[in-house]
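*Asks:* A single structure is presented below for examination.
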There are 2 protein chains.
Amino acid sequence: MSEYPSHLLEQAVEAFNSLPGIGRRTALRLALHMLRKSKDEVRRFTDSISTFREEVKHCRVCHNISDEEICDICSDPRRDRSTICVVQNVQDVMAIENTRQYKGLYHVLGGIISPMDGIGPSDIFIDSLVERVAGGEIKEVIMALSSTTDGETTRFFISRRLEPYPVEMTTIASGISVGEELEYTDEITLGRSIVNRVKI
Amino acid sequence: MSEYPSHLLEQAVEAFNSLPGIGRRTALRLALHMLRKSKDEVRRFTDSISTFREEVKHCRVCHNISDEEICDICSDPRRDRSTICVVQNVQDVMAIENTRQYKGLYHVLGGIISPMDGIGPSDIFIDSLVERVAGGEIKEVIMALSSTTDGETTRFFISRRLEPYPVEMTTIASGISVGEELEYTDEITLGRSIVNRVKI
């Protein structure tokens with residue numbers, strides 16, 4: 001006999017266990033928790049996840065997650081269309097939006113250059129950033145990347161690629177501590193770091 | 001604009017956030033993790049959970065989780081059919097099975113009497129335990145309940161209900177510390193506590 005009294009339970013435990021940070025014991029608890037919910041509730045739970053995976057889009061312009069071809073920020077006429085803030089991922093956009101200190105556009109790289117992890121410049125959305133800047137409408141590019149070696153490498157690489165264009169390059173100011181992930185910075189520090197951004 | 005760049009993302013985050021012990025930040029990570037998996041992988045993930053919820057059964061005899069009407073343990077001819085081990089939940093059955101110290105049958109109460117939580121004797125499967133004992137085949141009932149006040153209350157209540165029947169009542173021995181949940185006891189301690197069970 002397997003460790004589990006039911007093959008179906010085992011499958012559900014393995015599903016939860018496949019999630020990052022969820023061990024087998026927690027996975028078992030989550031699976032058994034499902035039995036305490038009605039079938040309708042569980043259906044709503046799984047539907048939310050599968051609909052998200054099937055239907056969510058990435059903005060054609062900035063690569064942020066979006067329900068439409070163009071995201072709410074890129075299509076918002078009140079945003080400052082002359083400034084782009086370059087970030088690593090979707091969580092970073094959300095973190096900066098929460099500070100309410102920034103009214104420009106974004107560019108989500110979808111990763112960071114990391115020789116250790118085998119992620120090179122062509123694996124993230126740098127070409128499309130260069131294209132946006134080459135369009136001529138952009139006056140300033142703010143680099144809002146984590147203050148890590150990989151962040152520095154990426155910032156350096158992007159500033160080299162943007163050198164030919166008459167665009168002001170800035171980076172978010174001190175306030176994010178060295179070695180700290182941007183995603184976990186508190187809102188006040190992060191907001192101030194955007195206001196006090198400095199020229200590269 | 002909402003906190004999330006996408007309504008679909010927000011729904012997925014809320015789904016994960018509805019799970020016990022999963023906060024909003026972890027929920028966001030799990031939702032975004034789904035985007036790194038193929039649509040097929042995500043479909044397998046949600047299918048495992050919904051199939052489990054839709055199709056899993058509870059054994060008609062012992063109330064353990066099962067793929068069939070009668071669970072693998074109750075239908076196994078090699079198990080000792082004269083002994084019933086009474087436990088609070090499915091996790092407890094799995095914990096005791098893992099010790100490989102017990103070859104009898106189980107009875108899953110599906111909860112524990114808890115006046116604080118408003119759970120009374122009729123909310124858990126005590127009547128069906130009495131019926132099984134009344135059947136006459138059972139020689140011994142082992143109480144394997146957590147060493148908490150609620151566990152004591154439940155043990156006391158069940159032993160009163162079984163008093164009229166010529167059945168030996170035992171309880172798992174010292175080894176589980178007072179106030180500790182049975183589910184978290186290490187296998188050696190738990191195994192020994194079953195071997196050294198004492199008469200109530």
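*Asks:* Report the trypsin sites (Lys or Arg not before Pro) located in region B:128-200 that are in a DSSP loop and have at most 15 other Cβ atoms inside 10 Å of their Cβ, or state none.
*Replies:* For trypsin sites (Lys or Arg not before Pro) across region B:128-200 that sit outside H, G, I, E and B with at most 15 neighbouring Cβ atoms in 10 Å, the list reads B:139.
*Asks:* Further question on the same structure: Report, by chain and number, residues whose modeled amide H sits under 5 Å from the one on residue A:64, excluding near sequence neighbours (fewer than 5 apart, same chain).
*Replies:* A:59, A:108
*Asks:* Still on this model: Between residue B:86 and residues 5 or more places away or on another chain, which pairs have amide H atoms under 5 Å apart, with H built 1.01 Å from N, and which residues are they?
*Replies:* Sorted by chain and number, the residues that satisfy this are B:107, B:142, B:143, B:144.
*Asks:* Could you check which residue among A:33, A:63, A:107 shows the biggest mean-square fluctuation in a GNM of chain A with a 10 Å Cα cutoff?
*Replies:* Greatest mean-square fluctuation among the candidates belongs to A:33.
*Asks:* Given the C-alpha centroids of region A:108-185 and region A:1-79, what is the distance between them in whole angstrom?
*Replies:* Result: 30 Å between the Cα centres.
*Asks:* Using a simple charge model, +1 on the beta-carbon of Lys and Arg, -1 on the beta-carbon of Asp and Glu, nothing else, what dipole does region A:105-200 show about its Cα centre, in debye to the nearest 20?
*Replies:* 400
*Asks:* If you don't mind, another one. For chain A, with a Gaussian network of springs between Cα atoms less than 10 Å apart, report the residue from A:21, A:179, A:136 with the top mean-square fluctuation.
*Replies:* Looking only at A:21, A:179, A:136, the largest GNM fluctuation is found for A:21.
*Asks:* Using a label point 7 Å beyond Cα on the Cα-Cβ vector, give me the inter-copy distances for residue B:123 in nanometres, one decimal, shortest first.
*Replies:* 5.2
*Asks:* If you put +1 on each Lys and Arg Cβ and -1 on each Asp and Glu Cβ, how big is the dipole of the protein assembly as shown around its Cα centre, in Debye rounded to 20?
*Replies:* Roughly 220 debye, rounded to the nearest 20.
*Asks:* Also: Going down the table (A:139/B:37; A:199/B:37; A:39/B:37; A:37/B:37), which pairs top 30 Å between alpha carbons?
*Replies:* Correct reply: A:139/B:37; A:199/B:37.
*Asks:* May I ask you to derive the relative contact order of chain A, considering only C-alpha pairs under 8 Å and at least 6 residues apart, and to give it as an integer percent?
*Replies:* 15
*Asks:* May I pose another question? With runs of 4+ DSSP H residues as the only contributors, calculate the mean residue ellipticity of chain A at 222 nm using -39,500 (n - 2.57) per run, divided by the residue total and rounded to the nearest 500.
*Replies:* The helix contribution divided over chain A gives -12500 deg cm²/dmol.
*Asks:* Here is a further query. Looking at region A:65-199 from every direction and averaging, what is the projected area of its Cα convex hull in nm²?
*Replies:* Average of the hull's projected areas for region A:65-199 equals 7.9 nm².
*Asks:* By count of other Cβ within 10 Å, fewest leading, how are A:150, A:47 ordered?
*Replies:* A:47, A:150
*Asks:* Out of B:38, B:9, B:28, whose Cα points farthest toward the positive end of the dipole of chain B (charges: +1 Lys, Arg; -1 Asp, Glu; placed on Cβ)?
*Replies:* Going by the Cα projections, it comes out as B:38.
*Asks:* With an 8 Å cut-off on Cα pairs and a minimum separation of 6 or more residues, tell me the relative contact order of region B:122-198 in percent.
*Replies:* Computed value for region B:122-198: 33 percent relative contact order.
*Asks:* What range in chain A is the longest one free of GluC sites (Glu not before Pro) that are in a loop by DSSP and have at most 12 other Cβ atoms within 10 angstrom?
*Replies:* The answer is A:70-136.
*Asks:* Expressed as a rounded percentage, what relative contact order does region B:74-192 have, with Cα pairs under 8 Å and six or more residues apart?
*Replies:* 29
*Asks:* Another question about this same structure. Which is farthest toward the positive dipole end of chain B among B:158, B:134, B:50, measuring Cα position about the Cα centre, with Cβ charges +1 (Lys, Arg) and -1 (Asp, Glu)?
*Replies:* In chain B, that residue is B:50.
Readers should treat all values here as calculations from the given coordinates under stated rules, not as data from a laboratory. Being a predicted model, the structure only gives us computed values, none of them experimental. Note that each Cβ is placed from the backbone with ideal geometry, even for glycine, and that neighbours are counted across all protein chains shown.
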